[in-house]
Every structure is written in C-alpha cells, then in structure tokens.
Amino acid sequence: MAQQARDFLPALLAAALSAITLPVHAGEWTITPSISINETMTDNVDQVEKHRTSSLVTDVVPGINIVGTGDRVKLRFDYQMHNLYYSDDSSRNNHQNFLNAAGTLEALENWLFIDANASISQQNLSAFRGATYSSVDTNNSNNTTETSTYRLSPYFRGMFGSSAEYELRYNLAKTTSDESNTYDTETRALVAKLKGTPRLSKFGWALDASTQKSEFDNGRDNEADLLRGVLTYQYDPQFRVSLIAGRESNDYVSVDKKSHTIKGLGVEWSPTERTLLSASREDRFFGNSDSITFTHRTARTAWKFRQTKDAVTSTDQISGGIGTYFDLFDSMFLSAIPDPAARAAFVNAFLQANGISPTAQLQGGFMTTGVTLQKRRELSFALSGARNTVTFAATQNDTSDLSQVAGTGWFAGTDFANMNKVRQTGASVNWSHKLTGLSTLTGGFSRLKSEGRGGSTVSTDEDLFTVNFLTKLGPQTDVGVGFRRIDVDGTTSYTENVVTGTFSHRF
C-alpha cells in the first residue's frame with residue numbers, strides 16, 4: 001500500500017497541475033516555448049587530477065515557461081529538457097530535466113484550496129567531490145544525481161465568526177533520485193492552525209498542531225507530533241513580542257518516541273515598510289532552536305540576513321547550499337512583492353535583463369536523507385544601477401547527524417556514513433554590466449570550503465571564476481560566449497577550464 005501511494009503521488013501532482021491550467025480563459029496567462037543550443041568545450045570532462053580528457057559537449061534544450069493568474073488559479077511552470085551529446089564518447093550521451101512549478105487552485109470559493117508544486121534538478125551527492133555550478137551537469141559527474149520533489153497540499157481556510165481564523169491542511173511530499181533508492185523519502189502530515197483576530201485588544205494568540213510520518217527507503221520510518229501556542233503583544237504598530245509554549249514528541253534521536261516541552265520568546269520590529277527584523281528562540285528536543293531574519297531595501301539595494309537552527313527532513317530541504325540566482329532574488333524581494341506569481345515574473349524579467357541565468361547554482365549544498373540538525377547563516381546583498389548590478393552572498397551551513405543512537409540511523413551511502421558533522425562555508429560575488437541596450441557582460445568569483453568531522457576528517461576547497469558575454473539578435477533571441485575555471489583541492493583535487501557558447505530563442 002505504501003509503495004502504491006509513493007507511485008501515485010507524481011501522477012496525482014501532474015493531474016493537479018493540469019487541472020490548475022484548465023481555466024485559461026480568464027485572467028492573464030503567458031506561455032513561452034523556447035529552444036536553446038549550448039556548446040561546452042572542456043579540457044577535463046571527467047574532472048580528474050590526472051589523465052585528463054577534452055570534449056565538446058552539445059546541449060539541445062527545448063523548454064516551456066508558463067506564468068498566469070486566472071479567476072481562482074495561480075500557476076508558475078518552468079521546464080527544460082537538456083539533451084547532451086559528447087564528441088569524445090557517445091556512450092556519455094544523456095538527457096537531464098529541470099523543472100520548477102508551483103500552482104494554487106481555489107476549488108471552493110474562500111474555503112477549499114489546493115497547492116501543488118514540483119521540482120527536478122541536479123543535486124550534489126557529496127560535499128567533498130566537487131560541485132556542479134549550473135542547472136546541467138555537462139561532466140556527467142559521479143557526484144550528481146537527478147532529484148525530483150513533488151508536493152500536494154489541499155487545505156481548508158476560513159473564519160470562526162469574527163474572532164478567529166482557522167486552517168486545516170494535509171501535506172503529501174515525495175523526494176526521489178536516480179541514485180538507486182538511497183534518497184527516496186515520502187512524508188505525510190496533517191497540520192491545523194487557529195489564530196485569533198482581535199480588533200481592539202493589543203493581545204493576539206495562535207495555536208499550531210501537527211502530526212507527521214516520514215518513510216525512508218533506506219531506513220526505518222519516523223513520526224513526529226507537535227503542539228505549539230503563541231501569545232503576542234502588539235506594543236505599537238512597529239513592535240511586538242511573543243511568548244511560545246508547547247509540547248513535541250518524536251523518535252528522531254531514539255528508537256521510541258520521546259516527549260519534550262517547548263518554550264520560547266520572539267520579537268518583531270518593523271520601523272518602516274522597507275525594513276524588518278524578527279528573532280525567536282525556542283527550547284527544543286535538540287537544544288535551542290534559533291531564527292533571526294533581517295531584511296532592508298532601498299530604491300537600488302536589497303539586503304538580507306538570516307540565521308536558523310532546526311531539525312530538517314530531506315523533503316524539507318534537499319541541499320544545504322544557497323540555491324539558484326532565482327532563489328536568491330526571490331527571497332530578497334519577498335517583502336517588496338508578497339504575491340508569489342508577481343514576484344516570480346519580476347525576478348525572471350530582472351535576471352533576463354541583466355544577463356543572469358535564473359537556474360545557475362550559487363554554490364554549495366549536498367544531498368541528505370533522514371533527519372538532520374542544520375544551523376545556517378546567510379547574508380546576501382544586491383545593488384542595481386542603471387547599467388550595473390552587483391550581488392554578494394555568503395553562507396555557513398553546519399549539518400549534523402541527529403540519529404547517533406543505535407537503531408536510528410538512516411545515512412548509508414551519504415557523507416554521514418563516515419562522519420557526523422559537515423560544515424560548508426562560502427562566499428560569492430557577481431557583477432553584471434550593460435555594455436549597450438542589447439549586450440551584457442557578467443563576471444563572478446566564488447569560494448567554498450567543506451569540512452567534515454566524526455569517524456574521519458576530510459576537507460575540500462573549491463574556487464570558481466566565470467565571465468560571460470550575452471547579446472540580443474532580436475527581441476526573443478540571445479547569443480553568448482563565456483569562460484569558467486574550476487579549481488578543487490582536498491579530498492578530491494582537479495582543475496577544469498571551460499569555454500561556452502549559447503544560442504537561445506523564445507517563441
């Protein structure tokens with residue numbers, strides 16, 4: 001029965017997304033097919049230290065992008081199929097998928113909603129064997145796997161009179177990878193929320209309850225239950241404080257479920273509509289759980305700092321990296337453009353205008369399976385001028401194995417098979433300059449250090465330098481050339497020099 005449910009989820013999600021796309025007669029919809037041809041000349045296609053092999057890789061990429069809003073529908077759908085052909089060895093030929101899709105359907109007006117989203121991408125298996133820095137792995141690396149995550153979430157939302165809002169949501173999520181079944185995970189959760197809506201009082205309240213079960217194909221299942229209450233006091237329109245109390249029970253660090261009391265404190269300060277500072281700390285089963293967020297924007301800049309510490313399942317977060325350029329700008333403009341569809345359209349247009357690939361990976365990240373403890377610090381900054389855009393991003397991510405008790409491990413086949421903590425520290429800076437109204441020059445440098453502790457101690461340093469030139473042949477046609485150099489030193493060591501050429505057309 002569980003296997004049937006796992007097989008059924010992708011089909012169910014596809015049906016949900018298809019249903020979301022049906023009412024296209026109303027609202028605003030943009031459907032953009034595209035075709036790209038990318039040429040990659042590499043002097044080290046195998047990414048090895050010795051016996052290097054050169055290759056010319058041809059990548060033919062049909063794609064489609066859909067962004068739309070109907071009467072009761074919102075959809076963002078971006079799909080590309082990369083078909084790779086190698087000059088040195090045709091047995092390397094393969095195809096890789098990229099998908100980023102999210103949709104919401106208001107099935108019953110103001111009451112029943114359905115969220116559905118899906119993603120397919122190339123993910124790094126290990127933090128220590130060299131990273132893939134683009135949405136496609138032209139090296140056919142043994143350190144990447146195509147990973148798919150599907151989520152389906154129907155929920156009810158409404159009011160109890162005029163004093164409280166309620167939401168009852170069912171979450172179904174599945175992660176699969178091409179790397180055998182090592183990273184396959186399915187999570188089912190029932191979440192209930194109740195929030196007071198006081199009109200005159202400065203006091204507010206909220207209750208959250210959830211029960212969750214996760215199934216891992218390479219280990220035992222686990223369960224987690226949580227009940228949390230929050231009491232808030234709105235001191236003034238800009239400042240409020242919160243008291244947090246609750247109870248949780250799970251079997252993450254023990255064979256049997258153990259219970260723990262939750263208690264904590266939170267503050268939120270918003271001196272202007274452009275600035276927000278929020279911080280909270282809770283006493284959890286693993287220790288202190290922290291969350292600090294600072295965002296600030298001006299007419300030309302956007303700033304963000306975030307620090308979190310929490311238990312994370314593999315369906316919650318596949319990779320510990322910063323993500324793509326789309327992720328970076330989508331996060332930075334969250335407060336300015338709350339609507340996801342409008343924000344996605346703005347970010348894609350901004351990146352396209354500045355010659356920045358939305359699917360290019362910033363840096364870092366690796367696959368995990370099971371439940372990990374992650375402490376993350378992220379700092380990002382963007383400066384946009386009339387002709388120049390500068391972005392900076394820095395991150396430190398500590399990932400620890402929570403399952404150190406006999407009988408609770410899930411981590412065969414990952415970095416945690418030999419160690420219990422991985423730290424990745426990195427920074428990247430990128431510059432985009434508009435040479436003319438049609439041409440853009442971009443350059444970037446990033447550095448990433450990965451360190452592992454536990455049964456063994458390992459370390460890998462990675463440097464990446466890129467420069468690209470992009471120009472328009474027409475309103476819908478772009479061509480470009482570029483160069484990148486990768487230098488990896490440590491547990492794995494190699495260098496690679498790559499020259500690229502691209503032609504793309506949107507219909």
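The table below lists the values:
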read-out	value
Coil-residue trypsin sites (Lys or Arg not before Pro) of the range 191-291, DSSP, other Cβ within 10 Å capped at 16	R199, K202, R220, K257, R274
The range 141-282 pair-distance distribution - Cα-Cα, 5 Å bins, rounded %	2, 8, 12, 14, 15, 15, 12, 9, 7, 3, 1, 0, 0
Sequence of S126, S384 when ordered by accessible area, the most exposed leading, probe 1.4 angstrom	S384, S126
Cα-Cα P(r), the range 180-259, percent of pairs per 10 Å interval	16, 33, 24, 17, 9, 1
Heavy-atom accessible area order for H433, H82, H51, largest first, 1.4 Å probe	H51, H433, H82
15 Å beta-carbon shell around I262, net charge (K/R +1, D/E -1)	0
Cα-based Rg and Dmax for the range 28-84, where Dmax is the largest Cα-Cα distance (Å)	18.2, 60
Placed amide H near G454: partners under 5 Å, 5+ positions off or other chain	N420
Contact order normalised by residue count of the range 174-275, Cα under 8 Å, 6+ apart, percent	19
Charged-residue dipole, Cβ positions (Lys, Arg, Asp, Glu), the range 98-210 about Cα centre, Debye nearest 20	580
The range 71-175: GluC sites (Glu not before Pro) falling in loop per DSSP and having at most 14 other Cβ within 10 Å	E109
Residue-by-residue Karplus 3J(HN,Hα) for the range 160-174, coefficients 6.51, -1.76, 1.60, Hz, glycine and proline x	9, x, 10, 10, 8, 9, 10, 8, 10, 10, 10, 10, 10, 9, 9
Nearest-10 value in Å² for the accessible area of L265, using the 1.4 Å probe	100
Ordering of 55-65, 114-124 by burial proxy (mean other Cβ atoms within 10 Å per residue, highest first)	114-124, 55-65
Net charge, D461 excluded, C-beta distance under 12 Å - Lys, Arg +1, Asp, Glu -1	-3
Amide H contacts under 5 Å for N93, placed H, 5+ residues apart	Y86
Trypsin sites (Lys or Arg not before Pro) lying in DSSP loop within the range 25-132, provided at most 12 other Cβ fall within 10 Å	K50
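The values are calculated or read from the model by the stated rules, or taken from the named source; none is laboratory data. Everything numeric in this text was worked out from a predicted model, so none of it was measured. Don't worry about glycine lacking a Cβ; one is built from the backbone with ideal geometry, like all the others, and counts go over all protein chains shown. Please note that ligands, DNA and RNA were not included when accessible areas were found on the heavy atoms of the full protein model with its side chains. Shrake-Rupley method; radii C 1.70, N 1.55, O 1.52, S 1.80 Å.
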